[in-house]
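What follows is a short report on a single structure.
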Amino acid sequence: MADRLDIADALESLAVHCRPPLMSVEDRSRWMVDWCSDLANFPIEAIKLACTRWRQGENTRFPTPGQLLPMVRAVLPAKGDGPKVERWRPISGEDYRQLPIRDKIRHLQIELSELMTDAGPMMINEGEFRGRRLTPDEMPAKWHDAQARAAMIDAEIKRLRDTIRNAREKAV
């Protein structure tokens with residue numbers, strides 16, 4: 001959230017246009033600490049915008065925290081606004097080919113991590129052998145498919161990293 005120096009700068013800019021109350025240096029210091037404390041949980045952009053709106057309004061006096069805080073809250077995006085975060089999903093072959101190498105590596109690492117939920121160890125959940133790991137021979141076909149795909153992805157990640165390493169060495 002907002003840094004104390006940024007908050008103080010925004011308030012000092014506002015004070016150029018709207019006279020703050022007269023007070024001693026010590027009182028002004030405490031006053032500024034209180035303001036910074038009141039505004040510390042908000043983004044500096046919202047604070048600056050609220051100060052701008054106060055300055056551009058009809059008020060000629062410096063606001064109190066009780067007057068400015070509602071204005072800061074009003075410029076914050078409503079909860080649920082903003083970009084939606086979607087669960088990772090595999091992309092098409094064409095989209096994958098268009099990615100830069102580092103993004104390809106990242107995409108493959110995520111895919112490998114997702115895949116390992118199916119390719120990881122499995123346990124017996126019932127009976128007297130409950131908690132014992134299944135041996136590879138006891139694993140279902142889905143597990144073997146996931147293991148094979150994981151090995152291919154891991155090999156492709158290593159190949160792409162080698163490509164980056166080789167390009168760096170050639171550049172030097």
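Where a number appears in this text, it was derived from the coordinates with a stated rule and is not lab data. Keep in mind that this is a model prediction, so the values were computed, not measured.
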**Phi-based couplings in Hz for region 42-58 (Karplus 6.51, -1.76, 1.60; Gly and Pro marked x)** = 10, x, 4, 4, 5, 5, 4, 5, 5, 5, 4, 5, 5, 4, 7, x, 8
**Message:** Among [x] 30, 21, 15; [y] 30, 17, 15; [z] 58, 24, 16, only one was calculated for this model; which label is it, if the read-out is semi-axes √(5λ) of the Cα gyration tensor in Å?
**Reply:** [z]
**Prompt:** Roughly how tilted is helix 65-75, in degrees to the nearest 10 and between 0 and 90, from the longest Cα axis of the chain?
**Reply:** 40
**Asked** Just Leu108, Leu22, Leu99 to compare: in a GNM of the chain, with alpha carbon springs under 10 Å, which one fluctuates most?
**Response** Leu22
**Fill in**
the chain, Gaussian network, Cα under 10 Å: of Phe42, Phe129, Phe62, the residue fluctuating most is Phe129
